[in-house]
Amino acid sequence: MYSYRKNFYPYVSPFDPCPPLTCKQYVTPPNLYIGFQPPNLPQYSYKEALQKGTLWPAFYDPYYNPYETRQREEEK
């Protein structure tokens, strides 16, 4: 199974003057995982498509700030 949110771990030098960021995240778009657009994909209504920025739910990718989820978990 794939995930839209990926992690990578950059090299941390012992001579870095700043505290290192040990894990960085990035988001990949859903169109990377669909090789071609299959026929008869379900579609949003026109109003909803304008709000979401795409006509097809398979290509919809909302942005979630990774720091907001951490703050929500810490508040609980």
Filter result for P20 (surrounded by fewer than 10 Cβ atoms within 10 Å (Cβ to Cβ), at pLDDT 85 or above, more than 19 Å from the chain's Cα centre (by Cα) and not β-branched (V, I, T)): no
Can you tell me which residue within the range 45-66, out of those that are assigned to a loop (DSSP other than H, G, I, E, B) and modelled with pLDDT of 85 or more, is farthest from N7 (Cα to Cα)? S45
Could you look through the range 2-17, keep only residues that are of a type in the set (A, V, I, L, M, F, W, C) and loosely packed, with under 10 Cβ neighbours inside 10 Å, and pick out the one that is nearest to the chain's Cα centre (by Cα)? F8
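The values are calculated or read from the model by the stated rules, or taken from the named source; none is laboratory data. Just so it is clear, the structure is predicted and the values come from calculations on it, not from any experiment. In this analysis, Cβ positions are derived from the backbone assuming ideal geometry, glycine residues included, and neighbour counts consider all displayed protein chains.
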